[in-house]
Amino acid sequence: MAKIIVVTSGKGGVGKTTTSAAIATGLAMRGYKTVVIDFDVGLRNLDLVMGCERRVVYDFVNVINEESNLKQALIKDKRIANLFVLPASQTRDKEALTKEGVGRVLEELRESFDYIVCDSPAGIEKGALMALYYADEAIIVTNPEISSVRDSDRILGILQSKSIRAEQDLEPVKEYLLLSRYDPERVNRGEMLSVGDVEEILAIPLLGVIPESKAVLKASNQGIPVIHDAESDAGQAYADSVDRFLGKDLPHRFLEVQKKGLLKRMFGG
Amino acid sequence: MSFFEIFKNTKKDASASMAKERLQIIVAHERATRDGPDYLPALQRDILEVVRRYISINPEDVAVNFDSLDDYAILELNVTLPETAPAQE
Ligand SMILES: Nc1ncnc2c1ncn2[C@@H]1O[C@H](COP(=O)(O)OP(=O)(O)O)[C@@H](O)[C@H]1O
Ligand SMILES: [Mg+2]
């Protein structure tokens, strides 16, 4: 049975799209047929991060409005078999995402995919509500920063009251915390909330900690999801997160400051 | 990091712990009100205004809690008065 995963946060710019691309790619790399859907109507970006922006012909809203079928709109990934992208519409109004329309498309995708990853827009408006409405599981992307944590808690409240699982009194949406843009050096200096602090406040299981990393910008510049960069800290942290999501028990890495040589410490770097 | 910063480094700037404390309070407050009816914030403002006609209190001194049970609901109002409540003129 296909699983619908929403990647959400409330706050913008915390790493939802980066995470959606990495997690979807990781699931496909591990052999699961996966589609990642951009719910950010009007601000399409997942296509850039996935590196398929030049191949967009039809989009999610076209499929909802039956102006194209799914087969025409799904973009097959160039690198990984089993991986598909459904881009957001750039021009239509946000009301285009209706409960019925989104539900119909997701039902159709469920028939042929193992995982459906929904990249939520920021905020708590229509787009964000639609992205989480049908979710079975939720990855809450949070930065170790006061407003991001508060917004994550808000989104948890919405998952617990406004999702179809809440409305129909089904088993609740399974929630995971993904702490991103983590900077151990600043945590050590007492300037940034620690993993423990955020876990204590949000009280949901920790899927992974993604360090603040130059590899992320490089990856989006190139249009290659950062999980492909197996040398990088962020790439490895995402790979671990995917394995944990699939049930592996792995220790969390990149929580400590990477040691620098004495010279580098004295003369900067 | 400069040469001198190595020695400064042990000194902790405690702003993260402030962030944590503030978060714990606001998140607990928002959790307590989020399952309640939409009129709660307005109710809280009205109560604050009425009490302030007699005693000067701060917004955080009025706590409104809503608990929805099986066949009834409880609306809990808590007004904390300052120790030496100066009466408004
Ligand atoms: N772990 C990270 N380290 C460094 N930069 C990051 C990291 N995660 C995300 N970013 C950057 O933050 C910005 C916002 O990321 P994005 O995934 O688009 O967030 P969202 O979808 O939540 O708005 C992008 O410029 C991205 O490159
Ligand atoms: Mg995004």
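The values are calculated or read from the model by the stated rules, or taken from the named source; none is laboratory data. The model shown is predicted, which means the values in this text are computed figures rather than measured ones. Neighbour counts are summed over all protein chains in view; Cβ atoms, including those assigned to glycine, are modelled from backbone coordinates with ideal geometry.
There is at least one residue in region A:177-184 that is modelled with pLDDT of 95 or more and within 20 Å of B:Arg31 (Cα to Cα).
Tell me, please, whether a residue that is in contact with a Gly (Cβ under 8 Å, 6 or more places away or on another chain) and farther than 24 Å from B:Glu21 by Cα can be found in region A:172-181. No, that holds for no residue. On the given criteria, is A:Ala239 part of a helix (DSSP H, G or I), free of Cβ contacts under 8 Å to residues at least 60 places away in the same chain and not aromatic (Phe, Trp, Tyr)? It is false that A:Ala239 is part of a helix (DSSP H, G or I), free of Cβ contacts under 8 Å to residues at least 60 places away in the same chain and not aromatic (Phe, Trp, Tyr). When A:Asn45 is tested against (1) surrounded by 19 or more Cβ atoms within 10 Å (Cβ to Cβ); (2) within 16 Å of ligand 1 (Cβ to nearest atom); (3) more than 24 Å from A:Leu177 (Cα to Cα), only condition (3) is not met. Considering A:Ile64, A:Ile23, the condition of being away from ligand 1 (no atom under 14 Å from the Cβ) and away from chain B (no Cβ under 14 Å) is satisfied by A:Ile64 alone. Restricting B:Glu76, B:Glu49, B:Glu60 to those that are over 23 Å from A:Arg154 (Cβ atoms), away from chain A (no Cβ under 14 Å) and surrounded by fewer than 11 Cβ atoms within 10 Å (Cβ to Cβ) reduces the list to B:Glu49. Condition check: assigned to a helix (DSSP H, G or I), within 16 Å of ligand 2 (Cβ to nearest atom) and in contact (Cβ under 8 Å) with a residue 40 or more places away in the chain. Does A:Ile155 satisfy that? Answer is yes for this residue.
Which one is farthest from A:Thr18 (Cα to Cα), of the residues in region A:191-238 that are away from chain B (no Cβ under 14 Å) and of a type in the set (Asp, Glu)?
A:Glu231
Considering only residues in region A:1-20 that are more than 11 Å from A:Pro121 (Cα to Cα) and more than 7 Å from ligand 1 (Cβ to nearest atom), the one that is surrounded by the most Cβ atoms within 10 Å (Cβ to Cβ) turns out to be A:Ser20.
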